[in-house]
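Here the structure is laid out as structure tokens; the discussion comes afterwards.
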Amino acid sequence: MRFYEIQTIKPKPPLTPAQARISSLKQNVDNDKKRLQAERDRQRQQREAERTRKQLQQRYA
């Protein structure tokens, strides 16, 4: 790397208690959305597996 390609990272000042609360709430919302989507995906996969199992069972019954 060349010297002009390196960017310095400016340190962030510590958050005030109010800002920290807001930041925490935003993170919780993001994490909850991810968990909700993961649960929906899991349930969708479970339904698809059950549907496939029933189709195979009907073919060989």
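Summary of computed values
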item: Full-extension gain in nm, THR16 to GLN37, via 0.36 nm per residue minus C-alpha separation; result: 4.4 nm
item: Charge context of ARG53, other residues only, Cβ under 14 angstrom, K/R +1, D/E -1; result: +2
item: In the chain, lysine pairs closer than 29 Å at Cα, eight or more apart or cross-chain; result: 5
item: Extension gain, GLN45 back to LYS26 (0.36 nm per residue minus Cα-Cα distance, nm); result: 4.0 nm
item: Angle between the chain longest axis and helix 17-60 axis [Cα atoms, degrees, rounded to 10]; result: 20 degrees
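No lab work stands behind these numbers, since they all come straight from the coordinates. Everything numeric in this text was worked out from a predicted model, so none of it was measured. Every residue, glycine among them, receives a Cβ derived from its backbone with ideal geometry; neighbour counts consider all protein chains shown.
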